[in-house]
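Peer 1: Shown below is the structure under consideration.
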Amino acid sequence: MVQLARYASPVEQAGRLIASGDTLGVPWVHRLMTLVAVTIKVRREIAELAEEMVRLGLARSRNHAYNMMIEMGLREVKRLVERRKAVRRLVEEFMKNGLPYTDLPTVKDVEEERAR
């Protein structure tokens, strides 16, 4: 078991644990052990898709977007982006023109129906 310094920062403690291979039963340390920084070159289309995923709120960062592409596949990610764009277009249209449904019951109608 690794002796941790009493006043070492959490980052230093995690580094010592990882270097020693001892996790002290902390599950998140295993995830730290598996992260590896990799520099890659991608097509401009994929880089733009990652930026768009972040802009649409599908990913927290470009790194997260690239990880999603790897895990889900490019086809599925493109489908999600197109779906999110379609939803945004509809929301903008409804905000500008109002909902296309004119004969929907109002709150007053529902309350009257419940009172019966």
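Peer 1: When the chain is fully extended, how far beyond the present Cα-Cα distance does K41 get from L99, taking 0.36 nm per residue of separation? If you can, show how the numbers build up before the last one.
Peer 2: Details: separation 58, 0.36 × 58 = 20.88 nm, distance 4.46 nm.
Residue separation times 0.36 nm, minus the Cα-Cα distance, leaves 16.4 nm.
Peer 1: Then there is this: If the cut-off is 20 Å between C-alpha atoms, which lysines fall inside it for K41, apart from same-chain ones fewer than 8 positions away?
Peer 2: K78
Peer 1: Among the lysines, which have Cα under 19 Å from the Cα of K96 when same-chain residues fewer than 8 positions away are ignored?
Peer 2: Here the lysines satisfying the reach criterion relative to K96 are K85.
Peer 1: Here is a follow-up. With each pseudo-label sitting 7 Å past Cα toward Cβ, what's the V110-H64 distance in nm, one decimal?
Peer 2: The two pseudo-label positions are separated by 3.2 nm.
Peer 1: Then there's this: If a/c stays under 1.5 just call it rounded; otherwise compare a/b with b/c (prolate if a/b is bigger, oblate if not). Do that for the range 44-97, with a ≥ b ≥ c from the square roots of the Cα gyration tensor eigenvalues. Provide the component values of the computation, followed by the final result.
Peer 2: Values: a/c = 2.66, a/b = 2.15, b/c = 1.24.
Prolate, since a/c reaches 1.5 and a/b exceeds b/c.
Any read-out appearing in this document is the output of simple, stated calculations on the displayed coordinates, not a laboratory observation. Because the structure is a prediction, the values reported are computed rather than measured. Virtual Cβ from ideal backbone geometry, glycine too; neighbours counted across all protein chains shown.
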